[in-house]
Amino acid sequence: MIPGLPNRRRFGDLSEQEVLALAISSEEDDARIYRTYAERLRADFPASAAMFDGMAAEEDTHRQRLIERHRARFGDVIPLIRREHVAGAHARRPVWLVENLGIERIRAEAAAMERDAERFYLAAARRSTDAATRQLLGDLAAAEADHQTAAETLEAEHLDHDARAAEADTARRQFILTWVQPGLAGLMDGSVSTLAPIFAVAFATHDTWTTFLVGLAASVGAGISMGFTEAASDDGALSGRGSPVKRGLASGIMTTLGGLGHALPYLIPDFWTATGIAIAIVFVELWAIAWIQNRFMETPFFRAAFQVVLGGALVFAAGVLIGSG
C-alpha cells in the first residue's frame, strides 16, 4: 500500500496474475467506453458510431486472448483488480465529461486511450526484472499497438471523405444551434438593449459610479433573464437545438458581457473619458456582432453591419436624448 493512498497499490508490488487481471479489466472497461460512445453518436454520426463499434469488438478480442492466457497459467479465478486500485495506472475520464465536447474531441479521447494503454504496458515491461513477466507485458504492449493500427484501419473504412464532411457539417450545425445562436442573441440583447438605460443615466447624472451601478444591474439582470428564458423556452428534444442548459448559459453569459462592456468604463472617475471609452467599446461590440453573423450565420457582412449599427445607434441616441432632457 502507498502512504496516504491506502486503497492503491504500487504496480511493482503486483504479482504476474494480478497484472494480467488488471489488463483484462482494463480491456473490458475500454470496450464499454467505446460502446457508450457508439450509442451516443449513432443518431447524428453513424459512421463514427460504426468505427467505435469496431473498436469495441477489437477490445473484446483482446480480452478473450488475455482470459485464455490467464486460464492457461493461473486457472479460472481472476482476481478483482482495476485501474483505480493501482497507483500510476492510466485513468479514464468519465464518459459524461467527454461526450458533450464534440465528435472530434471524442475521437481524440479514443486515440489517447490507446496511446496511454500502450505506454503503460511498455513502462511496466521495462520495470520488470522477471523474464516471463517482461514477455507478458511486452505482448500486452504489442496488442495495444496493434489495436491502434486496427483503429486507424476502422477509421479509414468507416470515415471516408464524404462521411467526414457530413459529420463535420452536422457538428458545425449543432454548434451553431447550441452555442452560437443563443450566444449571439444574448450579445445583441446585452450590447443594444442596455445602451439606453446606461447612457440615459450617464447624461442625466454625470455621475460615473451611479452609471456603473446601473449598467452592472442592467447587465446582470438581463443576463439572468435571457439565460432562464432561453433554457425554459425549448428543451431541444424536438428542435434539435441541444441542451437547454448550454443554450441558457451561452445566452445569459453573452448578454451580461455585452452590457458590461460599455458599463465598465464608468469605473473611471472622469465622466467624458469614461463616456468616450464606452462609446468606442459600443462600436467594437456592434462590429463583433456583425462579424459573428457573417461568420456563422452567413449573413452578408455589410448588411449585418448596417442592421446592427443602425439599431445600436438609434438606441444610443434614445438614451442620450432621454438623459439630456
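The values are calculated or read from the model by the stated rules, or taken from the named source; none is laboratory data. Note that the structure is a prediction, hence the values are computed from the model and not measured. When we count neighbours, we look across all protein chains shown, and the Cβ atoms used for this are built from the backbone with ideal geometry, even at glycine.
Okay, residues lined up against (1) among the basic types (Lys, Arg); (2) surrounded by fewer than 19 Cβ atoms within 10 Å (Cβ to Cβ); (3) over 33 Å from the mean Cα position of the chain (by Cα):
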| residue | (1), (2), (3) |
| --- | --- |
| Gly12 | no, yes, yes |
| Glu18 | no, no, yes |
| Asp29 | no, yes, no |
| Ile33 | no, no, no |
| Phe45 | no, no, no |
| Met55 | no, no, no |
| Glu58 | no, no, no |
| Gln64 | no, yes, yes |
Residues satisfying the stated conditions in region 221-276, i.e. at pLDDT 90 or above and surrounded by fewer than 17 Cβ atoms within 10 Å (Cβ to Cβ): Gly221, Ile224, Leu267, Ile268, Pro269, Asp270, Phe271, Trp272, Thr273, Gly276
Can you spot a residue in region 195-215 that is under 28 Å from Thr178 (Cα atoms) and either surrounded by fewer than 18 Cβ atoms within 10 Å (Cβ to Cβ) or β-branched (Val, Ile, Thr) (or both)? no
Checking Glu285 against (1) part of a helix (DSSP H, G or I); (2) acidic (Asp, Glu); (3) modelled with pLDDT under 80: exactly one of these is not met. Which one? (3)
Residue that is nearest to the chain's Cα centre (by Cα) [pool: residues in region 288-307 that are at pLDDT 75 or above and aliphatic (A, V, I, L, M)]: Ile292
Val320: passes all of (1) in contact with a helix residue (DSSP H, G or I) (Cβ under 6 Å, 6 or more places away or on another chain); (2) without any contact (Cβ under 8 Å) to a residue 12 or more places away in the chain but (2)
Could you check how many residues of region 277-312 are more than 17 Å from Val192 (Cα to Cα) and not charged (D, E, K, R)? 7
